[in-house]
Amino acid sequence: MADMEVAARRPQRWDTPFGEPLRDREVDRLLATEPFRDIDPTRFPTTLPLREILRNDARLQRYTAGDIVVREGDYGHSAFLILSGRVRVVLSGLSAEALGREEPRQLGWLASLLSVVRQPRLPEVREGYASGVERPSPSPSAPRPLCDLRGRGMNEDRPRVFLQDVPRVLDETDTAVLETGEIFGELAALTRSPRSATVFAEGDAVLLEIRWQGLRDLMRRTDALRLHIERLYRENSLRVHLRETPLLADLPPDQIAAVADATVFESHGEFDWHQAYQAAVRRRPGDAIVDEPLIAEEGVPADGLILIRSGFARQSRRHGHGHRTAAYLGRGQVFGLAEAIQTAASGRSTAWINSLRALGYVDVLRIPQQALEELVFPNLSPDTLARVFREQGGSLQTSGEGSDAASVDQGLLEFLVDKRLINGQQAMVIDLDRCTRCDDCVRACAATHDNNPRFTRQGPRHGPLMVVQACMHCVDPVCMIGCPTGAIGRDEATGVVHINDRTCIGCSVCAQSCPYDNIQMVEIRDRRGAALIDAATQQPLAKATKCDLCIGLPGGPACQRACPHDALVRLDLGNLGDLSQWVSR
């Protein structure tokens, strides 16, 4: 049969608006207020008009006293403009309970043993529900929680988290007030970094929430908004970030300030890279690099130093008709130090020895060569410069020589980078040459988690190594972006990404966002075995489940402890030295 072709409409930018599209009168009202009334609409192309950005990339949100707008530690993808009312920024002192998070509960050895011996008859049993009935309210005599869920807001079809005892929070914490016209949340939205503070409504307030795509386009064409956000970053965060870089750690404060003034911000790749992830990893090995945005190109004159602020980047070099991965770079690492030093020493421009490409979404800081020569190199001792030089690679190398990447088989390195598995800080890796398929790991996980294992023993493979479909507790946890109640969060002490069952509403946003399919939605039951049904929709209630790294158990993950053949390990796949040591054991 002859090949057939079907014409299809290419997806458009606003096929899926951020919320219910704003009405004309709402857009008109926004265009008459700061900062939009000072924006020249003629600076926007006809394909991306200002009115449509506001209509489709923003939504109006109404809050009442105690509603949490953003929570410290959560990953966000939007910024907020206060249209009316006031909000409070909690600078310090708010407990995990008040934020709607669960404190990890450590079990003793006896409790751990009893949890295995007293196995529940049914999987996924949940307390506090009655079949076919909405969650009951606490009794008047019950202790009043600081945080709970409440109903819907404007253009919002899901519950939100709120503080029940605002006066107590104000008494016990350090807060600051933001008034009408102020913007907050923009830095976390644009840099995919955790929210640095919790913000809640002090009383009735209306906020304009702008998703990062619209914020990006507004900044590109409105100098005032871009300069405002850059000024906030320079004042509040940039100097700290520069100080964390070993090359700049010992610079005097005035030199750090001058370097900050010269630094250029850049972003590369797609913020929501998880949406295109599956198509990228299905490419033939070595082909994924074609679609990775170029940050610096081999052979082009180097123009300074590149610092990775967030995300991952691939360092590669031409090899035959393709490219060979030399290493990957993550937050805090630098690219181009050898070239910068050689340029300063010789007085002649040096070309990039390697190329640098974005893996997913990367934020970088570019320090110009002139700033390095005038402000940085003269203030460093030869010993300090030599030490940093060794730590960052050691020479004008071409293949990762001298780094952890050199200790890993080239094919394994390409596999980890192509599939972006370097994102995993606690990945489950199985050596299939040692694994006997005894299922002890699965049984141990099920015994620890109420008869339902939290992983699936399958996943991408390289030779005898398989990276299992179990939560990897990623460096860049895109699953956390978009959770409406913040039920999925990272424990600050352990780095474990876990789900608060009390505030999970079963919307499946996290499961859909996980690029690695490591979060599952499961239907829940009561103690009698009856499936729990939503009273409003008559549909089964579901909860998000995933590996929690057995955070409450002494001895670490049950799956790893149960393996009798040393075939299973939990590893940081970004630590290539540890991976190499385990592979060659």
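The values are calculated or read from the model by the stated rules, or taken from the named source; none is laboratory data. Keep in mind it's a predicted model, so treat the numbers as computed, not measured. Virtual Cβ from ideal backbone geometry, glycine too; neighbours counted across all protein chains shown. Surface accessibility is based on the protein's heavy atoms, side chains included, excluding ligands, DNA and RNA. Shrake-Rupley method; radii C 1.70, N 1.55, O 1.52, S 1.80 Å.
Take the residues of segment 418-458 that are at positive phi and out of contact with any Phe, Trp or Tyr (no Cβ under 8 Å at 6 or more places or on another chain): which is modelled with the lowest pLDDT? Steps first, please.
If we filter segment 418-458 for residues that are at positive phi, which is where we start, we get 420, 437, 439, 450-451.
So of that shortlist, the ones also out of contact with any Phe, Trp or Tyr (no Cβ under 8 Å at 6 or more places or on another chain) come out as 437, 439, 450-451.
Values: 437: 93, 439: 93, 450: 78, 451: 83.
Across segment 418-458, the extreme among qualifying residues is 450.
Six or more apart or on different chains, Cβ atoms under 7 Å: show the pairs whose first residue is in segment 22-45 and of a type in the set (Asp, Glu) and whose second is open to solvent by 50 Å² or more (accessible area, probe 1.4 Å) and in a helix (DSSP H, G or I).
If the second residue must be open to solvent by 50 Å² or more (accessible area, probe 1.4 Å) and in a helix (DSSP H, G or I), the pairs left are 38/224.
So which residues in segment 193-215 are in a helix (DSSP H, G or I) and at pLDDT below 80, if there are any at all? Before the answer, list the steps.
Here is the first cut: in segment 193-215, the residues in a helix (DSSP H, G or I) are 212-215.
Matches in segment 193-215: 213 only.
Scan segment 162-192 residue by residue and report those that are open to solvent by 40 Å² or more (accessible area, probe 1.4 Å), modelled with pLDDT of 75 or more and part of a loop (DSSP other than H, G, I, E, B).
179, 180, 181, 182
Yes/no matrix, rows are residues, columns are (1) crowded, with 17+ Cβ neighbours inside 10 Å; (2) in a loop (DSSP other than H, G, I, E, B); (3) of a type outside the set (Lys, Arg):
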| residue | (1), (2), (3) |
| --- | --- |
| 306 | yes, no, yes |
| 310 | yes, no, yes |
| 315 | yes, no, yes |
| 318 | no, no, no |
| 325 | yes, no, yes |
| 328 | yes, no, yes |
| 353 | yes, yes, yes |
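Within segment 211-228, restricting attention to residues that are among the hydrophobic types (A, V, I, L, M, F, W, C) and in contact with a Leu (Cβ under 7 Å, 6 or more places away or on another chain), which residue is farthest from residue 480 (Cα to Cα)?
Filtering segment 211-228 for residues among the hydrophobic types (A, V, I, L, M, F, W, C) gives 212, 215, 218-219, 224-225, 227.
Next, from what is left, pick out any that are in contact with a Leu (Cβ under 7 Å, 6 or more places away or on another chain): 212, 215, 218-219, 225.
On the way: 212: 15, 215: 20, 218: 25, 219: 25, 225: 27 Å.
My answer is 225.
Which is in contact with a strand residue (DSSP E or B) (Cβ under 6 Å, 6 or more places away or on another chain), open to solvent by 60 Å² or more (accessible area, probe 1.4 Å) and closer than 17 Å to residue 471 by Cα, of 560, 512? Walk me through how you get there before you give the answer.
Numbers: 512 fails: in contact with a strand residue (DSSP E or B) (Cβ under 6 Å, 6 or more places away or on another chain).
From the options 560, 512, the qualifying one is 560.
Considering only segment 464-509, state which residues are in a loop (DSSP other than H, G, I, E, B), open to solvent by 30 Å² or more (accessible area, probe 1.4 Å) and either small (Gly, Ala, Ser) or modelled with pLDDT under 85 (or both). Walk me through how you get there before you give the answer.
The initial filter retains those residues of segment 464-509 that are in a loop (DSSP other than H, G, I, E, B), namely 464, 468, 470-477, 481-487, 491-496, 500-508.
Narrowing further to those that are open to solvent by 30 Å² or more (accessible area, probe 1.4 Å): 464, 475, 483-484, 492-494, 501-502, 505, 507.
Once the filter is applied, which keeps residues that are in a loop (DSSP other than H, G, I, E, B), open to solvent by 30 Å² or more (accessible area, probe 1.4 Å) and either small (Gly, Ala, Ser) or modelled with pLDDT under 85 (or both), segment 464-509 yields 483, 484, 492, 493, 494, 501, 502, 505.
For (1) open to solvent by 30 Å² or more (accessible area, probe 1.4 Å); (2) in contact with a Phe, Trp or Tyr (Cβ under 7 Å, 6 or more places away or on another chain); (3) over 23 Å from residue 461 (Cβ atoms); (4) hydroxyl-bearing (Ser, Thr, Tyr), each residue gets a yes or a no:
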residue: 539; (1), (2), (3), (4): yes, no, yes, no
residue: 543; (1), (2), (3), (4): no, no, yes, no
residue: 555; (1), (2), (3), (4): yes, no, yes, no
residue: 569; (1), (2), (3), (4): no, yes, no, no
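Counting residues that are within 26 Å of residue 281 (Cα to Cα) and among the charged types (D, E, K, R), which strands (runs of 3 or more DSSP E) fully inside segment 510-585 reach at least 1? Let's see the steps before the verdict.
On the way: elements: 520-523, 542-545, 568-571.
The strands (runs of 3 or more DSSP E) meeting that bar are 568-571.
In segment 231-293, which helices (runs of 4 or more DSSP H) lie fully inside it and hold 2 or more residues that are in contact with a strand residue (DSSP E or B) (Cβ under 9 Å, 6 or more places away or on another chain) and open to solvent by less than 20 Å² (accessible area, probe 1.4 Å)?
On the way: elements: 239-243, 253-262, 277-281.
In segment 231-293, the matching helices (runs of 4 or more DSSP H) lie at 239-243.
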